[in-house]
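Just below is one structure, and these are the notes that go with it.
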Amino acid sequence: MIAALKAMLRRPSTALALLVIATVVVCALAAPWLAPFPPDDQPFDGLSPDGAPLPPDAQHWLGTDTLGRDLLSRLLFGARTSLLIGLVANGAAVAIGMAVGTAAGYWGGFVGATLMRFTDLMMAFPALLLAIVLAALLHPSLWIVALVIALVNWVQVARIVYTETRGLAERDFILAERSLGAGTARIVGRHILPHLLPTAIVWGTLGIATTVLLEATLSFLGVGVQPPMPSWGNIIFESQSYFQSAPWLVFCPGAVILLTALSFNLVGDALRDLLDPLQRGRG
Amino acid sequence: MTGATPPLLAVQGLTIDARTPAGLKRVLDGIDFTLGREETLCLAGESGSGKSLTALALMRLLPAASLRVAGGSIRLDGCELAGLSERAFRPLRGRDIAMVFQEPMTSLNPVMTVGAQLMESIRAYGRESGDARGRARDALDAVQISDPARRLGQYPHELSGGMRQRVMIAMALARRPKVLIADEPTTALDVTVQAEILRLMRDLRRDFATSILLITHDMGVVAEMADRVAVMRAGRIVEQGPVLDVFERPREATTRELLAAVPRLGALRGTDGPPRLGPATAKPSAPAAEPVPALVVHDLSVTYGAGGWFRRGALAPAVAGVCFDLAPGQTLGLVGESGSGKSTTGKAVLGLVPFTGHVAVDGTAIAGLSARDMKPVRRRAQMIFQDPYASLDPRMTAGDAIAEPLAIHGIGCRAERRDRVAELLRRVHLPPEHASRFPHEFSGGQRQRLCIARALALEPTLIVADESVSALDATVRARVLDLLLELQEELGLAFLFISHDMAVVERMSHRVAVMRSGRIVESGSRREVFETPRDPYTRALLDAVPQRLSPTCTRSTGNTTPFTIT
């Protein structure tokens, strides 16, 4: 395990990515102490005399937003929301998708057909509409948003995992397992799930960026995270009409989302290689 | 060859390096050969010897990311190809030099009709696209496909393996190349189909005046096809010469091994069982009491694809009314072509596919048993599959794979299992320290040994071997067969040995059953079936085995007396 971690750190890109993720996590956890201002504080001098947001300066390192709030503080507090959404909501989506896809792919027949037709139905249903309906029915809160996103995002995972499981289940080593007398739990747990790990990792890391943005969309429509609570997504959405006059309001949160998502992808890649025995002894 | 004219294709000092993390590694080292006009040269050797690499290098289809041509000269019709740019080389492909691959299933585009693919190869590079359809039909005609006009509109999956390989050959020959490279063109085909394709290639060489570079590991194919043969080993040509010289006076050990590995049909004429390897043991050959048969099969039928809500209805049965039994310590060879239902039969007797009828393993009827009741039966009956790589979980070490059956059946503690794995590895002649390696770090033959070790772990009485040596090279195959015979002798295993290869079945079996279209058309002792076959289908299978090196009328080498390998 330690050796594996060392092997990962030996790649400069992975080491850098891990550093970025660690920084973001620390920022999120320590936001109340790190932030120079309260995130929803609207100081009197937060706007220019004619009411425009302030560009970055010594007092507001990243400038202020349209209501005069300190952008850096909002980004630090927003990290809490966005990480939670990105990891929990996306993780839940991958987990649901894996469970449905594996079950449908391995058992096939009536169970598989029913599960997959339901997945198709969900896929055909406009995700945003579903999210809005769910969020409107349930009282909006951070956890509800996470739940809604998970319920919308699992379908693609289920589709892909289903196809892969179908392929795996037909392979001879699964037949060999059955001929040895292995039960379903053993076959699925020890011989199918490990092969789905790369897919899970790719989706788990790629999904973080899209999930953060989906949260922003929901927030923008008023069914997501409720203002004044900041999230990276809603910071962008609140400010995008000021893109020309105050570009830092979009660039800064955008860069943070990009960097975080990229770091998760790089770590995911490294993790996938590390867990793949086929990489061993190559060449 | 009439030595006066220069050779059509001359390869000199062809050298290829592979890029590995540890630096460049030489995989092809100074290959020299020539190919005359209308000549057939066979490149023979085990897999990994560099035959296919040579062919890919000639076609310039090497994956540039991992392989690099380090040197050498390739002259086609006096024109040097080695220095040409990709752009200058591309027009030569198909026009001057064309290739047929091993797998006709995967080498055709499944979503394009045969006609569209043929016309594409004719039209490539613009010339004379006028009557492409007519030329495509002519091309199919030339490869002796039935009803060529209709085939043009069909998709690859509608054709049999043999027909697909004919289409591949038609595509390769569509623009009348000077050189046709065929990389194991019949390895994936049934034996009767193989004989047809080889005959076709001989005809085409004559009709199209094409030179053929044929790559194969099967010296039987070499004997059928070649004028000259070059034997490769570890990236070098170790021996090269006219086929009769090489066959009669092989100089190199590699050549002798390849020749010895050709399963010789009729080698066991007049005997009842497989050859004994060790000294005859004191085991009584005919026990007094009638023993419980290792396997009894009565009226076995299997139908795939029973309908469902979202699927179409039932299809024709894959196996219909099959009966046989198998005595302990004996081998029943089940032969037939692909699609004859022999593999399905093998799976059914282990309860891996739903079936109707009576199957009893070691006296226990398995029809309708629940997974739990089936588990003890699984300890007594095991399976070895065709493709050893596919039947091992690539994410599991060899040791874990072999210990898997012990873990499933809860036998022994961790340390005991480890000892048992070491013992099993030794039993199949692999070093016990290889237990920590992953399947991809083994060779094909070694992987099949792993599968055998896994099958032995539970000390079964019956092993179903489904085409277990078909994916292996001839020399490796011979060694694995020896291992199976040795294990049978020592452990008293009963084998249900499924194969399309008559010679292999002859070597292994006490009794033989011939399957066709889901039914057994002939069965009896090995001696009866092989020496006095009654069914015409059995005779056709026996006739199709390439075994004679004889100057047939189509061959250009004029000398020689009839000569057989046997």
>> Could you work out the relative contact order of segment B:112-176? I mean the mean sequence separation of Cα pairs under 8 Å and 6+ apart, divided by the number of residues, in percent.
In response: 48
> Taking R0 as 60 Å, what's the FRET efficiency between A:V202 and B:T532 from their Cβ-Cβ distance, rounded to 0.05?
Replying inline: 0.45
>> For peptide A:166-173, what's the mean number of Cβ atoms from other chains within 10 Å of each residue's Cβ?
In response: 4
>> Straight-line reach only, C-alpha to C-alpha below 30 angstrom: list the lysines that A:K6 could link to, leaving out same-chain residues fewer than 8 apart.
In response: B:K25
>> As an exercise, use a Förster radius of 41 Å and the Cβ-Cβ distance of A:T184 and B:D138 to find the FRET efficiency, rounded to the nearest 0.05.
In response: 0.15
>> Heavy atoms only, 1.4 Å probe, whole protein assembly: order B:T532, B:T344 by accessible area, highest first.
In response: B:T532, B:T344
>> Restricting to DSSP H runs of at least four residues, report the calculated mean residue ellipticity at 222 nm for chain B, -39500 (n - 2.57) per run over all residues, nearest 500 deg cm²/dmol.
In response: -9500 deg cm²/dmol
> What figure in square angstrom, to the nearest 10, would you give for the accessible area of B:V246 with a 1.4 Å probe?
Replying inline: 10
> How much accessible surface area, in Å² rounded to 10, belongs to the heavy atoms of A:W143 with a 1.4 Å probe?
Replying inline: 150
> Stretch B:A260-B:L24 to full length: gain in nm at 0.36 nm per residue minus the Cα-Cα span?
Replying inline: 81.5 nm
>> Cross-link candidates for B:K375: which lysines have Cα within less than 28 Å, leaving aside residues fewer than 8 places away along the same chain?
In response: B:K342, B:K347
>> What distance in nm separates the two pseudo spin-label positions at B:V292 and B:R249, each 7 Å out from Cα along the beta-carbon direction?
In response: 6.1
>> Counting only other chains, and only Cβ atoms inside 10 Å, what mean value do you get across the residues of B:440-448?
In response: 1
> Say R0 is 51 Å: what FRET efficiency, to the nearest 0.05, do A:D276 and B:M112 get from their beta-carbon distance?
Replying inline: 0.90
> Which stretch or stretches of segment A:146-162 have amide N atoms under 17 Å from the point lying 7 Å from A:D120's Cα along the Cα→Cβ direction?
Replying inline: A:155-162
> What's log10 of I(q)/I(0) for segment B:112-176 at q = 0.26 Å⁻¹, Debye sum over Cα points only, no solvent?
Replying inline: -1.11
>> Calculate log10 I(q)/I(0) of chain B for q = 0.06 Å⁻¹, where I(q) comes from the Debye formula with a single equal point scatterer on each Cα and nothing for solvent.
In response: -0.34
> At a 1.4 Å probe radius, carbon and sulfur cover how many percent of the accessible area of segment B:112-176?
Replying inline: 46
> At what distance in nm do the modelled label points of B:R519 and A:S13 sit from each other, each positioned 7 Å from its Cα along Cα→Cβ?
Replying inline: 6.2
> Given the protein chains as shown and a 1.4 Å probe, how many square angstrom of A:T23 are accessible, to the nearest 10?
Replying inline: 70
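The values are calculated or read from the model by the stated rules, or taken from the named source; none is laboratory data. This structure is a prediction, so every number in the text was calculated from the model and none was measured. Reconstructed Cβ throughout: ideal geometry from the backbone, glycine too, with neighbour counts over all protein chains shown. For the accessible areas, the whole protein counts, side chains as well, though only heavy atoms, and no ligand, DNA or RNA atoms are used. Shrake-Rupley method; radii C 1.70, N 1.55, O 1.52, S 1.80 Å.
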